[in-house]
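The values are calculated or read from the model by the stated rules, or taken from the named source; none is laboratory data. Small disclaimer: the values here were computed from a predicted structure and weren't measured. Please note: Cβ atoms are built from the backbone with ideal geometry, for glycine as well, and neighbour counts cover all protein chains shown.
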Amino acid sequence: MNEITLMHVIGAVYGLTEKGVQPPGPPPSKDNTALLLIDIQQMATPEYMARAAVKAGLPEAAVQAALADYKERFYCAVENCSRVLSAARQNGIPPIHVKIESLSGDARDTSMVHKMLGWAYPPGSEGAQFLPDIAPKPGEIVLTKTVSGAFTGTILDRVLRHMGISYLFVCGFVTDECVETTVRDALDYGYLASIIRDATTAYAPETYAHVIGKFSGFGLTPAAEEVAGLFGQMA
């Protein structure tokens, strides 16, 4: 018999299987499922970050070198976000777009923590713009926030309940901040929320791995290919 680890004990205690937690109630369908896209906007791009860093006085060559790994991981995640968004649209799964943007033109309504980070993005500002390839289409829901969590900062919970949504598949940026906060809140609010593991990333690879590792233990980190396939079965 293989060595029994602490994780085996935890799995036995909480009834976890190789597929993770087994949700009660009906399985996901296009009537009870939504795709949640978090902060896929210019402020998260390595190009935006590079311009800001150079403007702050850092040497451009060093900045580009420091951002190289993040850039590769970021655009790999963006590609997978685009993949699941296309699958959602093709199969009648509603996408819900969330971004960081203030309500006021002077960004006075920005939360305290975001103000401390310098994350003040009034309507029309460059950092608040969606990435063109994943921008909302007419008729798709768009919510704005000035905090990390999409539930805390928007009317998302009310919207989802009115729509009859039980299952959420979440992608976007960054894994260990706005994405994790939103998914944890979603689970606490009673939704079965999953992080699409290759459609997100964090500034540091180790923090990404830490978050994905935690949620993987519950079977809540499907790959983009799996999610796209699941959406296709819901048509």
Mind checking which residues of region 86-103 are over 17 Å from ILE40 (Cβ atoms) and of a type outside the set (A, V, I, L, M)? GLN90, ASN91, GLY92, SER102
Within region 74-84, how many residues are without any contact (Cβ under 8 Å) to a residue 60 or more places away in the chain and under 13 Å from LEU36 (Cα atoms)? 1
Taking region 113-145 as the search range and keeping residues that are at pLDDT below 95 and under 26 Å from TYR189 (Cα atoms), which one is farthest from the chain's Cα centre (by Cα)? VAL113
Within region 129-154, which residues are farther than 22 Å from GLU79 by Cβ and of a type outside the set (S, T, N, Q)? PRO138, GLY139, ILE141, LEU143, LYS145, VAL147, GLY149, ALA150, PHE151, GLY153
Counted residues in region 136-151 being hydroxyl-bearing (Ser, Thr, Tyr) and under 14 Å from MET112 (Cα atoms) come to 2
Output the number of residues of region 158-181 satisfying the condition of being in a helix (DSSP H, G or I) and touching a Ser or Thr at 6+ places or on another chain (Cβ under 8 Å). 6
Could you grab me the full set of residues in region 168-189 that are buried (at least 21 other Cβ atoms within 10 Å of the Cβ) and either over 17 Å from CYS81 (Cα atoms) or of a type in the set (Lys, Arg) (or both)? ALA186
Criterion: at pLDDT 95 or above and in contact with a Leu (Cβ under 6 Å, 6 or more places away or on another chain) - qualifying residue of PHE169, PHE173, PHE151: PHE169
At least 2 residues that are of a type outside the set (Lys, Arg) and buried (at least 18 other Cβ atoms within 10 Å of the Cβ) in each: list the helices (runs of 4 or more DSSP H) lying fully within region 46-157 that qualify. 46-55, 60-90, 150-153
